[in-house]
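Comments concern the structure below.
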């Protein structure tokens, strides 16, 4: 699950995960990256738009390196980017990060708890690290 | 409860790029968790592509409502493309009468504008769930045993409220959420709150005319207690 990242831009594509808290953690990590940690360097696309074959969105994932964030082992984000011919630089399994916080209460699929927001920061930091490492090579 | 009910499937667009996506998603969650927990179920839209045959049967097994953030209609088109026909297609911008002004993509920044938009969308979804439930259900729709444990689609307990009305115990779906919203809107407990409480709860819970007085008293007392507890 690795590839090349341009120093200029990366697309962070998240699963839409509406049934469990994992989806919200993934989604909030994207906004933390696009709005705060990597503004102007990271952007996102609607996964549903990609899944339904929107030509403009397909072109974006094909032309821009993508980091996918998935909340469950179904890997919807990874698989949909892959099926669209996208360039996946790295696939991150958010549920693996959450497993490291055994016993924590992350909140719900509607609202995150303090521990949920901590995982958001952790996942976002992991993406920044990958982005900087890959951009430097 | 031995009766059976047909679960209505609600599919939200993912809408990561726009605030209306968050509104769609949160509106659906509110219906699943609070307003119609026993009558509804959901599925992640992109799972139709990434998933297997079981996921793709979803819209054939459930009367389905799609909730889209914008007029690209990804939820409607995706569901029809990969699963089956949709009964009702809702669009957030139609419900709100335009773009979700002042709303946010992240729940971290959600404020009163987001709350109000989510409530408008959730109420509309709940009304459509009722309309579908009231319509004749086709024979090929899956019948799911109704649970008595008040569990929502993600298996978490739903926040129902129990009231004593005219000596009977009554359960109202999402009552704590309704109280929370009214409190945020500035409704003060006391005699002046009864009409608003009754009219709001009536949207989600059938109240016979003969029982209105009992509901008024019980709701007023319950809301007073809710506000005194601070939650």
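The values are calculated or read from the model by the stated rules, or taken from the named source; none is laboratory data. Since the structure is predicted, the reported quantities are computational estimates derived from the model, not experimental observations. A quick note on method: Cβ atoms are made from the backbone with ideal geometry, for glycine too, and the neighbour counts reach across all protein chains shown.
Taking residue A:107, is it within 13 Å of chain B (Cβ to nearest Cβ), within 26 Å of residue B:20 (Cβ to Cβ) and in contact (Cβ under 8 Å) with a residue 40 or more places away in the chain?
yes
For segment B:15-48, which positions are in contact (Cβ under 8 Å) with a residue 60 or more places away in the chain, within 17 Å of the chain's Cα centre (by Cα), part of a loop (DSSP other than H, G, I, E, B) and under 26 Å from residue A:29 (Cα atoms)?
Residues satisfying the conditions do not exist here.
Listed residues B:131, B:122, B:113, B:126; which is at pLDDT 80 or above, in the same structural domain as residue B:66 (by TED's automatic domain parsing), surrounded by fewer than 19 Cβ atoms within 10 Å (Cβ to Cβ) and within 17 Å of the chain's Cα centre (by Cα)?
Among B:131, B:122, B:113, B:126, only B:131 is at pLDDT 80 or above, in the same structural domain as residue B:66 (by TED's automatic domain parsing), surrounded by fewer than 19 Cβ atoms within 10 Å (Cβ to Cβ) and within 17 Å of the chain's Cα centre (by Cα).
Mind checking which residues of segment A:8-39 are outside any helix (DSSP H, G or I) and either without any contact (Cβ under 8 Å) to a residue 12 or more places away in the chain or under 30 Å from residue B:41 (Cβ atoms) (or both)?
Correct list: A:12, A:13, A:14, A:15, A:16, A:17, A:18, A:19, A:20, A:39.
Taking residue B:99 as the residue in question, decide whether it is touching a strand residue (DSSP E or B) at 6+ places or on another chain (Cβ under 6 Å), over 21 Å from residue A:22 (Cβ atoms) and more than 14 Å from every other protein chain (Cβ to nearest Cβ).
No: the conditions fail for residue B:99.
Would you call residue B:105 outside the structural domain of residue B:205 (by TED's automatic domain parsing), in a loop (DSSP other than H, G, I, E, B) and crowded, with 23+ Cβ neighbours inside 10 Å?
Here the answer is yes, as residue B:105 does meet what is asked.
What is the one condition in (1) facing chain B (nearest Cβ under 9 Å); (2) under 25 Å from residue B:30 (Cβ atoms) that residue A:54 does not satisfy?
Among (1) facing chain B (nearest Cβ under 9 Å); (2) under 25 Å from residue B:30 (Cβ atoms), the lone unmet condition for residue A:54 is (2).
From B:131, B:85, grab the single residue that is assigned to a loop (DSSP other than H, G, I, E, B) and more than 13 Å from chain A (Cβ to nearest Cβ).
On inspection, the qualifying residue turns out to be B:85.
Test residue A:71 against the stated conditions and say whether it is in contact with a strand residue (DSSP E or B) (Cβ under 7 Å, 6 or more places away or on another chain), buried (at least 20 other Cβ atoms within 10 Å of the Cβ) and within 14 Å of chain B (Cβ to nearest Cβ).
no
List pairs: first in segment B:49-61 and more than 14 Å from chain A (Cβ to nearest Cβ), second in a helix (DSSP H, G or I), Cβ under 7 Å, 6+ apart or cross-chain?
B:59/B:79
With A:76, A:46, A:66 as the choices, which residue is touching a residue at least 60 places away in the same chain (Cβ under 8 Å) and either in contact with a strand residue (DSSP E or B) (Cβ under 7 Å, 6 or more places away or on another chain) or within 7 Å of chain B (Cβ to nearest Cβ) (or both)?
Within the list A:76, A:46, A:66, the selection yields A:76.
Does residue B:59 qualify as being surrounded by fewer than 24 Cβ atoms within 10 Å (Cβ to Cβ), in a helix (DSSP H, G or I) and touching a helix residue (DSSP H, G or I) at 6+ places or on another chain (Cβ under 8 Å)?
yes
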